[in-house]
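As structure tokens, the structure follows; a few thoughts come after it.
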Amino acid sequence: MDKYLIVGLGNPGREYAETRHNIGYMVLDAFAKASNIVFDDRRYGYVAETSLKGRKLYLLKPTTYMNLSGNAVRYWLNKENIDESRMLVVVDDISLPLGALRLKANGSAGTHNGLGHIQQLIGQQYARLRVGIGNDFPRGSQVDYVLGCFSDEERKILQPGIDTAVDIIKSFVLAGVNITMNQYNKRKLSPPPSSETSNEQQQ
């Protein structure tokens, strides 16, 4: 049976729950809820297991804290003998609008500390799903922003993106990263009601 590792980056602990930096945790929680599975506290992370059409999925929420995420990723890849090509990391991205999604087959870590540590330990040949958290913060306030919680209004805007991210994970496992990129990277989430819609392209 083919094995896949789906990693949602974030920080453990109640004080970090529902913060923007924990969007990876939130996506995996949504996937687990939809799959009726629960996470167990295991080595280096909260882990849930399920299967999808003959493929085995390990969902991992590292408990190493963001800056040491690579320790959890490397351990579980090795423990379950999973190839990096069958790993997907879900991560927050301040360069994307709130709720926007961007799937990439590989690439650099950019300025994200969690991806940076993973890259140090295993390289950058793995897929990552970036989830936009927006960048509506004053200069010099990035840390406070990413460690802050989503407002109720932001959660409403974000929820369709979380739902789509769950679908992307399933497609990544069943169809592969290239087909999934072609299908989902072209999509645009509906803008908030206050946004300008006159330039919307027809699907």
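In a Debye calculation with equal point scatterers on the alpha-carbon sites of the chain and no solvent, what is log10 I(q)/I(0) at q = 0.12, 0.13, 0.18 Å⁻¹? Here log10 of I(q) over I(0) equals -0.57, -0.67, -1.31.
In terms of the Cα gyration tensor, with a ≥ b ≥ c the square roots of its eigenvalues, is region 1-81 rounded because a/c is under 1.5, prolate because a/b exceeds b/c, or oblate? Intermediate results must be reported in sequence, preceding the final value.
Numbers: a/c = 2.22, a/b = 1.30, b/c = 1.71.
It is oblate, given that a/c is not under 1.5 and a/b is not larger than b/c.
Using a cut-off of 10 Å between beta-carbons, work out the net charge of the residues near Lys104 (Lys and Arg +1, Asp and Glu -1, Lys104 not included). Spelling it out: positives minus negatives among the neighbours equals +3.
Antiparallel DSSP bridges in region 1-71: what percent, to the nearest 5? Provide the component values of the computation, followed by the final result.
Details: 11 of 16 bridges.
Taking every DSSP beta bridge within region 1-71, about 70 percent pair in antiparallel fashion.
When a/c is below 1.5 the answer is rounded, else prolate if a/b is larger than b/c, else oblate, so apply that to region 37-139 with a ≥ b ≥ c taken from the square roots of the Cα gyration tensor eigenvalues. Cα axes put region 37-139 in the prolate bin.
Counting lysine pairs in the chain that sit 8 or more residues apart in sequence, or on different chains, and whose Cα atoms lie under 15 Å apart gives 10.
Per-atom-type breakdown for the chain gives carbon and sulfur 44% of the accessible area (1.4 Å probe, protein chains only). The Cβ shell under 12 Å around Leu121 holds other residues with a net charge of 0, Lys and Arg each +1, Asp and Glu each -1. Using θ = phi - 60° in the Karplus curve 6.51 cos²θ - 1.76 cosθ + 1.60, the 3J(HN,Hα) couplings for region 97-102 round to x, 3, x, 6, 10, 9 Hz; x is entered for Gly and Pro. Annotation: the antiparallel percentage among DSSP beta bridges lying fully within the chain is about 50. Think of a 1.4 Å ball rolled over the protein heavy atoms: the chain then has 53 Å² of accessible area per residue.
Shape class for region 50-107: oblate, because the ratio a/c of the largest to smallest gyration tensor axis (alpha-carbon atoms, square roots of eigenvalues) is 1.5 or more and b/c is at least a/b. Computed packing ranks the peptides 143-152, 23-32 as 23-32, 143-152, most packed first, by mean other Cβ atoms within 10 Å.
Could you give the length gained by full extension between Asp40 and Lys156, i.e. 0.36 nm per residue of separation minus their alpha carbon distance, to one decimal place?
Working: separation 116, 0.36 × 116 = 41.76 nm, distance 2.85 nm.
The span from Asp40 to Lys156 would gain 38.9 nm if fully extended.
Evaluated at q = 0.11, 0.17 Å⁻¹, the base-10 log of the normalised Debye intensity for region 82-195, with identical point scatterers placed on the Cα atoms, takes the values -0.38, -0.89.
Extending 7 Å from Cα along the Cβ direction at Ser95 and again at Glu80 yields two label points whose distance is 2.9 nm.
The values are calculated or read from the model by the stated rules, or taken from the named source; none is laboratory data. Bear in mind that the values here come from a model prediction, so they are computed numbers and not experimental data. Cβ coordinates were reconstructed from backbone atoms using ideal geometry, including for glycine residues, and neighbour counts include every protein chain displayed. Heads up: the accessible areas ignore ligands, DNA and RNA and are worked out on the full protein's heavy atoms, side chains in. Shrake-Rupley method; radii C 1.70, N 1.55, O 1.52, S 1.80 Å.
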